[in-house]
Amino acid sequence: MGVERRMPFQSDTSHIPIPPPGEDELPYDDGEPMESERHREQMYLLIEVLKLFWQDRDDVYVGGNMAIYFSELQAKKNDFRGPDVFVVLETRKRERKSWVVWQEDGRTPDVVIELLSATTEAVDRGEKMRIYAKLLRVPEYYLFDPFTGVLEAYALDRATQSYERISHEANGDFTSARLRLRLGVRHGIYHGLATDWLRWLDLEGRVLPTGEEQARAAEERAKAAREEAQSLAARLAAYENQFGPLPGGGSA
């Protein structure tokens, strides 16, 4: 009688759920290039300024033009393009390839900004607005057209899971209740491009500076201090030339 052949041991894993993919497995570029140089620079400007303003905080993440994954089905289809600029509060500041909601304890953006263009406006006002309201439940949604300078603001009505448009303030600015900052359009130069830019402002209306603006302001303060010192030295020399050295001036 032959010996019964034993089959290799195979554990039953059918009841064990397969872990959903993480940011290392998912595409992290949203696959859509920025519409124009101005769109690209506007995105960089908004992100740069907030990162500088909150550089000492570890509980805020500022991102843009990267994928956001909020369901396994959406991750498999990979048909949702991430926001141009978004901010998440009460999270951990670290480098990310993409924002994967199930890896972030369910955290979704607190503020989203989309930069309108002829090819994206319908999606930004339609599908994306619906996803941000009903699925991600983003409290504040802003739309800005870099070429017309028109800014729109929307607040989430949680009862209806839809957005209500917010009226702008007398000067055209909007206040972000979530970030305790303001958004407004200001003329200026960024990376050599002079136009009307969407800028972050403090609650008093002061523009939050870029790194270049901070450096320029520091240089202007240093220059003013040097000029004041030179002026004081010239006045002192003129006085001593007319009246002699000041008492205690150290002259032999």
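Every read-out reported here was derived from the displayed coordinates using simple, explicitly stated rules and does not represent laboratory data. Given the structure is predicted, the values throughout are model-derived calculations rather than measurements. Cβ: placed from backbone, ideal geometry, glycine included. Neighbour counts: every protein chain shown.
Computed values, structure above
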{"quantity": "For Trp197, residues with placed amide H under 5 Å, excluding near neighbours", "calculated": "Arg186, His187, Gly188"}
{"quantity": "Mean Cβ count within 10 Å, highest first, over the residues of peptides 47-54, 232-239, 94-101", "calculated": "47-54, 94-101, 232-239"}
{"quantity": "Estimated inter-spin distance, Arg130 and Leu232, nm [label 7 Å along Cα→Cβ]", "calculated": "6.8 nm"}
{"quantity": "Qualifying lysines (Cα of each under 27 Å from Cα of Lys134; at least 8 residues distant if same chain)", "calculated": "Lys76, Lys77, Lys93, Lys97"}
{"quantity": "Long-range amide H partners of Ser176 with built H, under 5 Å", "calculated": "Leu181, Arg182, Leu183"}
{"quantity": "Global form of region 190-252, assessed from the alpha-carbon gyration tensor, a/c cut-off 1.5", "calculated": "prolate"}
{"quantity": "5 angstrom amide H check on Val85, placed H, neighbours 5+ away", "calculated": "Asn65, Ile113"}
{"quantity": "Cα gyration tensor shape of region 37-208, rounded if a/c is under 1.5, else prolate or oblate by comparing a/b with b/c", "calculated": "rounded"}
{"quantity": "Phi-based couplings in Hz for region 108-121 (Karplus 6.51, -1.76, 1.60; Gly and Pro marked x)", "calculated": "10, x, 8, 9, 10, 10, 10, 9, 6, 8, 4, 8, 10, 4"}
{"quantity": "In Hz, Karplus ³J(HN,Hα) per residue of region 41-48 (6.51, -1.76, 1.60; θ = phi - 60°; x = Gly, Pro)", "calculated": "5, 5, 4, 4, 4, 5, 6, 4"}
